[in-house]
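Below is one structure; the comments refer to it alone.
The values are calculated or read from the model by the stated rules, or taken from the named source; none is laboratory data. In this text, all values refer to a predicted model and were calculated from it rather than measured experimentally. When we count neighbours, we look across all protein chains shown, and the Cβ atoms used for this are built from the backbone with ideal geometry, even at glycine. Side chains included, ligands, DNA and RNA excluded: accessible areas come from the protein's heavy atoms. Shrake-Rupley method; radii C 1.70, N 1.55, O 1.52, S 1.80 Å.
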Number of protein chains: 6
Amino acid sequence: MARIDGRSSGDLRPVRIERGCNRYAEGSALIRWGNTHVLCTASVEEKVPQFLRGSGRGWVSAEYAMLPRSTHQRTQREISRGKPNARGQEIQRLIGRSLRASVDLSLLGERTIWIDCDVLQADGGTRTAAITASFVALVDACRWLMSNGLVGSMPVVHQVAAVSAGIVAGEVMLDLCYEEDSSAQVDCNVVMAEDGRFVEIQGTGEDALFSMESFRDMLSLADVGIRRLHALQLEVLGVGDLHEILAR
Amino acid sequence: MARIDGRSSGDLRPVRIERGCNRYAEGSALIRWGNTHVLCTASVEEKVPQFLRGSGRGWVSAEYAMLPRSTHQRTQREISRGKPNARGQEIQRLIGRSLRASVDLSLLGERTIWIDCDVLQADGGTRTAAITASFVALVDACRWLMSNGLVGSMPVVHQVAAVSAGIVAGEVMLDLCYEEDSSAQVDCNVVMAEDGRFVEIQGTGEDALFSMESFRDMLSLADVGIRRLHALQLEVLGVGDLHEILAR
Amino acid sequence: MARIDGRSSGDLRPVRIERGCNRYAEGSALIRWGNTHVLCTASVEEKVPQFLRGSGRGWVSAEYAMLPRSTHQRTQREISRGKPNARGQEIQRLIGRSLRASVDLSLLGERTIWIDCDVLQADGGTRTAAITASFVALVDACRWLMSNGLVGSMPVVHQVAAVSAGIVAGEVMLDLCYEEDSSAQVDCNVVMAEDGRFVEIQGTGEDALFSMESFRDMLSLADVGIRRLHALQLEVLGVGDLHEILAR
Amino acid sequence: MARIDGRSSGDLRPVRIERGCNRYAEGSALIRWGNTHVLCTASVEEKVPQFLRGSGRGWVSAEYAMLPRSTHQRTQREISRGKPNARGQEIQRLIGRSLRASVDLSLLGERTIWIDCDVLQADGGTRTAAITASFVALVDACRWLMSNGLVGSMPVVHQVAAVSAGIVAGEVMLDLCYEEDSSAQVDCNVVMAEDGRFVEIQGTGEDALFSMESFRDMLSLADVGIRRLHALQLEVLGVGDLHEILAR
Amino acid sequence: MARIDGRSSGDLRPVRIERGCNRYAEGSALIRWGNTHVLCTASVEEKVPQFLRGSGRGWVSAEYAMLPRSTHQRTQREISRGKPNARGQEIQRLIGRSLRASVDLSLLGERTIWIDCDVLQADGGTRTAAITASFVALVDACRWLMSNGLVGSMPVVHQVAAVSAGIVAGEVMLDLCYEEDSSAQVDCNVVMAEDGRFVEIQGTGEDALFSMESFRDMLSLADVGIRRLHALQLEVLGVGDLHEILAR
Amino acid sequence: MARIDGRSSGDLRPVRIERGCNRYAEGSALIRWGNTHVLCTASVEEKVPQFLRGSGRGWVSAEYAMLPRSTHQRTQREISRGKPNARGQEIQRLIGRSLRASVDLSLLGERTIWIDCDVLQADGGTRTAAITASFVALVDACRWLMSNGLVGSMPVVHQVAAVSAGIVAGEVMLDLCYEEDSSAQVDCNVVMAEDGRFVEIQGTGEDALFSMESFRDMLSLADVGIRRLHALQLEVLGVGDLHEILAR
């Protein structure tokens, strides 16, 4: 079955990552994934949350927000509503967990890397785009730590990228755009490392329950998509494989 | 390997549900799951969120909070901190999605059922306890709607319950208590319906990545645990099987 | 005149206190006073508010909240409304003052005992129930301080309990339930120590003014009620009289 | 025993009320009570809170705040701290109850009178000063309603004023200034109507318990003080007795 | 053309400044400028904002608020709305900048002078009244620092005052009252030092654009007005000219 | 004197405007002005603020925010700090006033155009960049209203653009970058229409007072800069002069 935009079920939308898009951040990446555009920066702060003080370990913390007109209809800013957006909080917790999984926090030392993901334009898959681009920003921030002699060895130890898959009109599809996502029966977000192991899997059926079999089908499609994203990340980072990053 | 509390890897902690614990709510249930105690109420409100007005459809919305001393160390109230707790927001969104999956919202009519889950004492697994007990409260609230002639047929169409599984010290285990959860390498929450299909699956590896194989092992343990919880829910609700609920 | 629930004017509703209901708190008590259920915990924190630092004196601070469906109609959580509930603030200040009166703050040392009172179900008299049960929790927290060698002598020096009285349909009554309270012309809350002296008296006439004579009648009824509550507290604490507590 | 400022135990500080101090408010009064200065306005709003809509009854609502430098040390504004001041909330609830007791809300019609009490300078007794001056502002606002034909008969039906009494160094005293209040063992606020009946009595012993006997002594002193304040209010309002107000 | 209140275009409204109106503040002034009344206090705090710690320099920070009934219609308090008023924030930033320009912050030492401007009654020109009176309060606070030996030389080095000018019905006018301000096509606020140089100029045309020529006309009127205000400030401060202040 | 980046005193930095950068907004423009990058969208909402309901007139409202890492050091989000940033509030009020001056609000009808200005990267002059680009977005939003038949004639009636000037090390300069701005003695923002008349002028001397003469010099430089910006706006909008816009 042809999809809205002509893709076949296992196709990703075109993805480009512009590395170093921000001149101040220690690492940054602007991802354009179809019509979803997310600006990600990685900022080094020389302190850690209360619960880690004195531990010798670092932290990676993520924040996620959408610009008011990143969406079809303008949405009010969080500060105007007076409270954080619950969906955004859920997403930024996912991004934070995913990137912490890529880092050996004891190698990072007592400092925090703040990941800021701001959605400039949203057409589905903003959380997976944010994770995928933030990994690039995070590597550059860690390289900056290395080249400034702040850490002795590369804190990044795994490569992470993320993609969505779902069931729309009974068919399993990779990388849902907004219109597909809106009508999806099941939605699944997968975060995976370079060796095919999982960092996080979230499968949700709001309009329909899903069987183990269709869940496996979604995971299979996701596996294919993430391998392509891993390759793109390496290319953007200018390395042939992950070991070149780790070796620095 | 023996667990902290002597359970084997596939054992649930003892679970009791006290139905109708609140004299005002249309439905209520206090669940005592090991040392985790959660008070759940289901309240009927005769209006729906803005986006559903005029749609003829209803809504199920969940709120989750922990009493300050439900935890080992006292935690500050959200209102004292001045902002919602992000973890709590993530959990209440999960509870809301899970219970909406059990209801045919068009049968509910333009009204909201508010699910309030307040953790009196926390020893791991509060979100799965909340979902499992809230289902009982939700059924009673829907029965109340039926017996008051507010709905024509039973809005509950699926039975949902939830359990956690995880990998601790390399071993896959069902239903982690707090101490196990704190040292878990991987943590998985599964929400499942009466027919074995999934409502939601969340697998997270913060301290370790996880393979497809160990993920399947966790899902298998969860499957066993949830079947027991489904049986307990039916017993507490005083029915032999789900059809007795649907038939009312 | 017979009351709604058949009590005579000077009767208390049945009161039960379940001591040690929370496994983490240094002291805890769940009070079931008629249909009013309040869960009270006493938590020790090893610091004091700014204004007491360096003074060698401690503090007792209370917080009070109602679960959303503790009431006939569901009420919104404070964090959802975005601001503290003014009535709750007034009540928690009363609870704090009342319990501070029972403690010699200089014996407590520079630490705070947090009293958390969460109303699970409300049928009138929640503030007096909270004070009465919190005293039990507070004694246990102070015993914990004693047995852990953190204080040299028992900081609790007075026993406090509280009850309401009011005028309903022209008649003076003890311990108003919600329905009586709603139609009361005058409402009075009395907090009293073991020797019959007062900690706090609040008399309020919203729908009617009240004379000195009827005020005295309310105080007399309150006196009788509080003596019974004092006896119950001692029984729950497993002592014959207050001196056994002080002696520890 | 001579007091700090030379008064005897039953003396009020000098009290002056400047009526009509604000050119926009329907009623206003600036009270200078010793060094305590409070600006009170009464504003008519042609709507009522939700719970009164359609009832035909009105409401009186009070707000109380202190200017940052009304106190010896500058205090932060509520909006800068991000949350309401709990003491202020307790006080404004007292002011609101007291003034509602002076009004027949069904004569007011479905409108609200907002009482704003802003403390310009604080030297003890701000809440009693606020109540005493707000009554003057409230009468003028009700006269404005009368003269504009918005109400058919005078909504004010009782005259209310308030004063504090306390026990300082073992001695019962009327109208505590800040320095006395800071060292008081017992503090009592009394709101009384023209016929000697009470609107509200609040007695608090933070540093000491108090007996019925000393409580009566405080009430006796308060009675004397309030009668003088009643006379002052009438004088400021330009009437010989309360009936002249009611008659308009 | 005669103005609403009979003034000619270059006339100020009558201005009076009551110095020392607050008994606690290190400096204070109540300005009555026509029907605009603003109470200004200057409070010394022995610490500075984070960015100045260790710099040896001080700070001047201003806060501005309106009492709820300072306006024709009652306005809600900021704390009730839950967020700061944007117009107030803009104004308090202007006041802060203006007064910092009058002080040599390195002479002040590491302390903050808080300027609190509370509008008791508003009839246009509240920000210029606040600046003009706050300068008086600020001088007194600095004199207090001098006389208490906290600073070695007078931190105030410039005299600042402010006035508005505008174009109403095509005519340039000095010192707009509220009614004029509401119908002004152009509004201009000017803050000027004793030597005729500017601290701040803000010209705004919401309903009309304005030419360089009319802008100059407004500045000329403002120049005249501010010279009169400078003279009034000196008179209130009890000095013949600015050097007498600086010399202390 | 050569400037940091080699410009002469009257030079603008290179400015590019990417029109239509957002696929959902009715109008949008991304301005890159030196290293300052601001994303501006104009969104049509079919309602107006309360005070305009029933007036037949429309409104233009602006919001301004900086991404956390738009600055040299990461700054906390407003929602994390829990309150709006005061500087941002001042700026968004300026943007709003400036753009309202370009529109005939009665031609707009009862609808609001929301201008969202989000700073992606800040190197000085963000407010003037925001105004200049927002005008482009606003014109496109009004063209959209025209082409959809929602308004009968073009609501935009003036062209507005803005630039800063300042005095750095005694020299008057156009268009300060961040490093210049940080050391500026005087800073001036000018908003001007196509006919050379002013919309808004703000001159501020925090570290130095400024004379009328140097103020005029700043306005002269600003005049030159804005004319270039006006030309750029027309070019980006694809018109030869403003009348082509008005004619549509």
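Laid out as a table, the results:
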quantity: Cα principal axis extents for segment A:109-232, largest first, Å; calculated: 53, 31, 25
quantity: Segment A:101-145 and segment D:3-30: distance between their alpha carbon centers, rounded to Å; calculated: 63
quantity: Counted charge near D:Arg57, where neighbours are those whose Cβ lies closer than 15 Å (Asp, Glu -1; Lys, Arg +1); calculated: -2
quantity: At least 50 Å² of accessible area lost relative to the chain alone, listed for segment D:1-45 with a 1.4 Å probe; calculated: D:Arg23, D:Tyr24
quantity: Stokes-Einstein D (µm²/s) once Rh is taken as the Kirkwood radius of segment B:76-159 over alpha-carbon pairs, at 10 °C in 1.306 mPa s; calculated: 112
quantity: Complex-versus-alone comparison for segment E:75-92, residues with a loss of 10 Å² or more in accessible area, probe 1.4 Å; calculated: E:Arg77, E:Glu78, E:Ile79, E:Ser80, E:Lys83, E:Pro84, E:Ala86, E:Arg87, E:Gln89, E:Glu90
quantity: Alpha-carbon centroids, segment D:198-248 and segment B:186-243: separation in whole Å; calculated: 67
quantity: Exceeding the 25 Å Cα-Cα cut-off - candidates C:Lys47/D:Lys83; B:Lys83/F:Lys47; A:Lys83/D:Lys47; A:Lys47/C:Lys83; C:Lys83/E:Lys47; calculated: B:Lys83/F:Lys47; A:Lys83/D:Lys47; A:Lys47/C:Lys83; C:Lys83/E:Lys47
quantity: Heavy-atom accessible area, 1.4 Å probe, ligands and nucleic acids excluded: residues of segment C:203-220 down by at least 40 Å² from chain alone; calculated: C:Thr204, C:Glu206, C:Leu209, C:Phe210, C:Met212, C:Phe215, C:Arg216
quantity: Antiparallel bridge percentage (DSSP; both residues within the protein assembly as shown; nearest 5); calculated: 85
quantity: Protein accessible area in the protein assembly as shown, 1.4 Å probe - carbon and sulfur %; calculated: 46
quantity: Chain E: most fluctuating residue of E:Gln73, E:Gln121, E:Gln159 per GNM, C-alpha cutoff 10 Å; calculated: E:Gln73
quantity: FRET efficiency, 1/(1 + (r/R0)^6) with R0 35 Å, evaluated for A:Asp5 and A:Glu213 via beta carbons; calculated: 0.85
quantity: In the E-F interface, the accessible area buried, summed over both sides, Å² (probe 1.4 Å); calculated: 3000
quantity: Cα Rg, Dmax (largest Cα-Cα span) when computed across segment A:15-247, Å; calculated: 17.5, 54
quantity: Heavy-atom accessible area per residue - segment E:142-206, 1.4 Å, Å²; calculated: 30
quantity: Label spacing, shortest first and in nm, from E:Arg228 to its equivalents in the remaining copies (7 angstrom along Cα→Cβ); calculated: 4.4, 4.5, 7.7, 7.7, 8.9
quantity: Inter-label distance for D:Ala169 and B:Val239, nm, one decimal - labels placed 7 Å from Cα along Cα-to-Cβ; calculated: 7.6
quantity: Helix-derived mean residue ellipticity, 222 nm - over chain B, DSSP H n ≥ 4, -39500 (n - 2.57), to 500; calculated: -10500 deg cm²/dmol
quantity: Copy-to-copy label separations for E:Ala208, where each label sits 7 Å from Cα toward Cβ, in nm and ascending; calculated: 3.6, 6.7, 6.7, 7.2, 7.8
quantity: Most mobile listed residue (C:Ala231, C:Ala86, C:Ala161) in chain C, GNM with C-alpha springs under 10 Å; calculated: C:Ala86
quantity: Principal axes of segment A:1-72: Cα extent on each, largest first, Å; calculated: 57, 27, 24
quantity: DSSP beta bridge pairing in segment E:15-247, given as percent antiparallel to the nearest 5; calculated: 85
quantity: Cα gyration tensor shape of the protein assembly as shown, rounded if a/c is under 1.5, else prolate or oblate by comparing a/b with b/c; calculated: oblate
quantity: As computed over segment F:94-135, the Cα convex hull volume per residue (Å³); calculated: 62
quantity: Tail weight of P(r) past 22 Å, computed on alpha-carbon pairs of segment E:21-140, percent; calculated: 35
quantity: Inter-label distance, nm, simple model (7 Å from Cα along the C-beta direction), D:Arg81/C:Ala86; calculated: 1.6
quantity: Distances in nm from C:Gln76 to the matching label points in the other copies, shortest first (labels 7 Å along Cα to Cβ); calculated: 1.1, 1.1, 2.3, 2.5, 2.5
